[in-house]
């Protein structure tokens, strides 16, 4: 899975021009059909239907699915919805209250929070390093009540620093930014993801 820009036409042009590289060997990716159709839940209960682009590496011949930065691997909700849930949880609310606020099933939100909590220190560390690299005079977030809240604060601060450096980043939600910066692996349990 390779996280790419949400602009489908831009990604298709990059793919056809050989500008997208294989994450395994850096050779050019070539078009290779599409992945299975998926239904994703968006903001306010919107349903999005998509069929992600598949590619094949011209070097190692491995196939990859291109996933827009607005989506995260193996999740049925857009990054902005999941991120909103993480931000609500960072305020100290439990999974049931977060689920009620988002209009989602308790089990779905509980799964996000458990996975994110298990990776929170790695996420915090990754985005604190990104903040320092992006900001001319970085302002570190204050310590929060939990590691999950610290990780959320680090993501928010790194996105703010990126938007200060590159104003076009304001058009990208902080959770799309986070997913792209970390290869979509905010809610996966792969130890090598960060």
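Applying the criterion of being surrounded by fewer than 17 Cβ atoms within 10 Å (Cβ to Cβ) and over 18 Å from residue 7 (Cβ atoms) to the residues of the stretch 161-192, the residue that is modelled with the lowest pLDDT is 192. Filtered by the rule that a residue be over 25 Å from residue 38 (Cα atoms) and over 17 Å from the mean Cα position of the chain (by Cα), the stretch 51-87 gives 58, 59, 60.
Filter the stretch 126-141 down to the residues that are within 22 Å of residue 188 (Cβ to Cβ) and touching a residue at least 12 places away in the same chain (Cβ under 8 Å) and list them by number. Give the steps one after another, and end with the answer.
The initial filter retains those residues of the stretch 126-141 that are within 22 Å of residue 188 (Cβ to Cβ), namely 126-130.
Across the stretch 126-141, the qualifying residues are 126, 127, 128, 130.
Residues in the stretch 32-41: is at least one part of a loop (DSSP other than H, G, I, E, B), free of Cβ contacts under 8 Å to residues at least 40 places away in the same chain, within 20 Å of residue 177 (Cα to Cα) and under 17 Å from the mean Cα position of the chain (by Cα)? Checked against the condition, which is being part of a loop (DSSP other than H, G, I, E, B), free of Cβ contacts under 8 Å to residues at least 40 places away in the same chain, within 20 Å of residue 177 (Cα to Cα) and under 17 Å from the mean Cα position of the chain (by Cα), the stretch 32-41 yields no hits at all. Of all residues in the stretch 42-59, those satisfying the criterion of being more than 17 Å from residue 102 (Cα to Cα), part of a loop (DSSP other than H, G, I, E, B) and in contact with a strand residue (DSSP E or B) (Cβ under 7 Å, 6 or more places away or on another chain) are 51, 52, 58. Within the stretch 142-188, the residues that satisfy the criterion of being part of a loop (DSSP other than H, G, I, E, B) and touching a residue at least 40 places away in the same chain (Cβ under 8 Å) are 144, 145, 146, 172, 173, 182, 183, 184, 188.
I'd like to know if the stretch 83-92 contains one or more residues that are assigned by TED's automatic domain parsing to the domain that holds residue 14, part of a loop (DSSP other than H, G, I, E, B) and surrounded by fewer than 21 Cβ atoms within 10 Å (Cβ to Cβ). Looking for residues that are assigned by TED's automatic domain parsing to the domain that holds residue 14, part of a loop (DSSP other than H, G, I, E, B) and surrounded by fewer than 21 Cβ atoms within 10 Å (Cβ to Cβ), one finds none in the stretch 83-92, hence no.
Out of all the residues in the stretch 60-77, is one or more at positive phi, outside any strand (DSSP E or B) and at pLDDT 95 or above? Even if it seems obvious, please write down each step before you answer.
Keep residues of the stretch 60-77 that are at positive phi, which gives 61, 74.
Among the residues that remain, those that are also outside any strand (DSSP E or B) are: 61, 74.
Those left that are additionally at pLDDT 95 or above: 61.
The answer is yes; a qualifying residue exists.
The values are calculated or read from the model by the stated rules, or taken from the named source; none is laboratory data. Owing to the predicted nature of the structure, the values given are computational and were not obtained by experimental measurement. Neighbour counts are summed over all protein chains in view; Cβ atoms, including those assigned to glycine, are modelled from backbone coordinates with ideal geometry.
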